[in-house]
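Trainee: Here it is, the structure in full.
Where a number appears in this text, it was derived from the coordinates with a stated rule and is not lab data. As the structure is a computational prediction, the values presented were derived from the model and not from experiment. Glycine gets a Cβ as well: all are built from the backbone with ideal geometry, and neighbour counts include every protein chain shown.
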Amino acid sequence: MGAARPAIRQHHISYKVHRVPTKSGGTHHISVSAATNALYAARFAADTGRAFTLLVTINWHRLSIDDACALRAWRSLRDSVMRHWRYLRSVRGPSVGQLVGVASQENPGGRRNTHWLVAVPDRWAPEFRRIVQKNLAKVAGVPQLGASLVIEPLYAVGGAMKYALKGVDPAYQGYFNITAKDQGFIAGKGRTSVSRSLSYTARRRAGWVRQRRSPI
């Protein structure tokens, strides 16, 4: 048997090589540091028994919510869902699981959408779906969501992460093995986001390092 390959620590590339093109108040691409953070968050989640199980896609343009308002609407939805989930967990116990995930924002051709990968135990998936539907309808101010919301099971987290991060700076598509696609301008900060318990700080405190043979 060959010698074991050494672990690769979290920050092993320079983030000063190429700046992501920006204009006042937003970005055109996912930066290399943001993409790295999101991928490491997914790997850390898998390594700690919280592998992502669902992909939530929200088409804000179908709800008549444009780029100027979509990020605020997304944060309002996320925070409301998190509050409901914490309450459910306090009532029903640890089997509900901690709700963690990674999200990315896209705006191809002015069609604003959000991808949210989350860890939800299978038995609680229907309840999660109900909570998201209820809160999205409230945030958007509509009685019916129609095709604006899609929640589907994840069978290949690595592939789903690459799909969610396809708005990465094209200069780094080879590094991430992602086919970069123009996902438009996103107003404001927060083109990607990760749960606090999956963040760089959380990973560092846990002493986590990315393993070369990670499945993601």
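Trainee: Starting from the Cα of Ala147, step 7 Å along the direction of its Cβ; do the same at Val209; then give the gap between the two resulting points in nm.
Mentor: Rounded to a tenth, the inter-label distance reads 4.9 nm.
Trainee: Something else: On the principal axes of its Cα set, how long, how wide and how thick is the stretch 115-165? Give whole Å, largest value first.
Mentor: Extents along the principal axes: 34, 26, 14 Å.
Trainee: When the distances between all Cα atoms of the stretch 27-84 are binned every 5 Å from zero, what whole-number percent does each bin get?
Mentor: Per 5 Å bin, starting at zero, the Cα-Cα P(r) for the stretch 27-84 comes out as 4, 14, 14, 21, 25, 15, 6, 1 percent.
Trainee: So, in nm, how far is label Gln98 from label Arg86 when the simple model puts each one 7 Å beyond its Cα toward the Cβ?
Mentor: With each label point 7 Å from Cα toward Cβ, the separation is 1.3 nm.
Trainee: If only Cα atoms are counted, what is the Rg of the stretch 146-216, and what is its Dmax, in Å?
Mentor: Here Rg and the maximum Cα pair distance are 14.8, 44 Å.
Trainee: Just to check I understand the Karplus step: with θ = phi - 60° and J = 6.51 cos²θ - 1.76 cosθ + 1.60, what whole-Hz values come out for the stretch 149-161, glycine and proline as x?
Mentor: For the stretch 149-161, the Karplus-derived couplings read 10, 10, 10, 9, x, 9, 10, 9, 4, x, x, 5, 5 Hz, x marking Gly and Pro.
Trainee: On to the next question. For each of Arg83, Arg203, count neighbouring Cβ atoms within 10 Å of the residue's Cβ, then give the residues from fewest to most.
Mentor: Fewest-to-most Cβ neighbours within 10 Å comes out as Arg83, Arg203.
Trainee: Whole-Hz ³J(HN,Hα) for each residue in the stretch 132-137, computed from phi via Karplus 6.51 cos²θ - 1.76 cosθ + 1.60 with θ = phi - 60°, x for glycine and proline: what do you get?
Mentor: 5, 4, 4, 6, 5, 4
Trainee: Sort Ile186, Ile30, Ile131 by Cβ crowding within 10 Å, fewest neighbours at the top.
Mentor: In increasing order of surrounding Cβ atoms, one gets Ile131, Ile186, Ile30.
Trainee: Further question on the same structure: According to a simple spin-label model (label point 7 Å from Cα along Cα-to-Cβ), what is the distance in nm between Ser199 and Asp122?
Mentor: A separation of 3.3 nm, rounded to one decimal place.
Trainee: Treating only the Cβ of Lys, Arg, Asp and Glu as charged (+1, +1, -1, -1), what charge dipole size does the stretch 26-205 show about its Cα centre? Round to the nearest 20 debye.
Mentor: With only Lys, Arg, Asp and Glu charged at Cβ, the dipole is about 620 debye.
Trainee: A further question on this structure: Using the reciprocal of the averaged 1/r over all distinct C-alpha pairs, how large is the Kirkwood radius of the chain in Å?
Mentor: Here the Kirkwood hydrodynamic radius works out to 18.1 Å.
Trainee: Just to compare against my own numbers: the Cα pair-distance distribution for the stretch 45-158, 10 Å bins, whole % per bin, please.
Mentor: 14, 47, 32, 8, 0
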